């Protein structure tokens, strides 16, 4: 099941940008480490479709090991930014359950899973990938920006069986935080988990660990394709 008794954030812990007309689809977008849902609202509003609502949850503040245990908004603890770094397995799984609970909430309110795109940037993109691949529902798609696949060694056994979920993975070519090589390794791993034709991996020259208008244009095109007006 997607939901269980773990602590689940209320939807008041999110910024929601409503559609301009009847909402028949939703994009749940997860911010990066140290940010909040507010950090992405303006960028997402620029690419919003009238029938799609955007939900930008806020991560709770927790001590983050890689930042000398400083308290900051984080979906789970980070011990290091390296494919071989130890990972916060319990924290990642708990965070995924919390995001699945938001998906369930939308489903109960009439937006079916195949009309929900899950996305995120950096740590949020990592969590969106892990959540979509382990969720009982097949979602409309995943937008994974400047990120990696958490607990990558637990796949393919952790996979919920949705091999046809479309994934748009984007990465800046001069990203010093999550190097492009990690993005490429992630794409290679994802190719072995989902049908290869469902994965699009785009890289952007001169883009550091952030976003750019060309990348957001690609995100908009992806949303238009997989969340068309009904």
Hey, could you grab the Kirkwood Rh for the range 34-80? Inverse mean 1/r over distinct alpha carbon pairs, Å, one decimal. 12.2 Å
State the extension gain, in nm to one decimal, for the chain segment bounded by residue 157 and residue 42, taking 0.36 nm per residue of separation less the distance between their alpha-carbons. 37.6 nm
Quickly work out the residue 177-to-residue 20 label distance, labels modelled 7 Å from Cα along the C-beta direction, and quote it in nm with one decimal. 3.1 nm
Only counting other Cβ atoms within 10 Å, I'd like 99, 62 sorted with the fewest neighbours first. 62, 99
Between residue 81 and residue 200, how many nm apart are label points set 7 Å from Cα along the C-beta direction? 2.6 nm
Would you mind getting me the FRET efficiency between residue 65 and residue 216? Use the beta-carbon distance for r and R0 = 30 Å, nearest 0.05. 0.45
Using a Gaussian network for the chain with springs between C-alpha atoms less than 10 Å apart, which of these wobbles most: 66, 219, 142? 66
The distance between the Cα centres of the range 123-154 and the range 44-68, in whole Å, is 14 Å
I want the antiparallel fraction of DSSP beta bridges within the chain, as a percent rounded to 5. 25 percent
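No lab work stands behind these numbers, since they all come straight from the coordinates. Every value quoted in this text rests on a predicted model; they were computed, and no experiment measured them. So basically every Cβ, Gly included, is an ideal-geometry build from the backbone, and we count neighbours across all protein chains shown.
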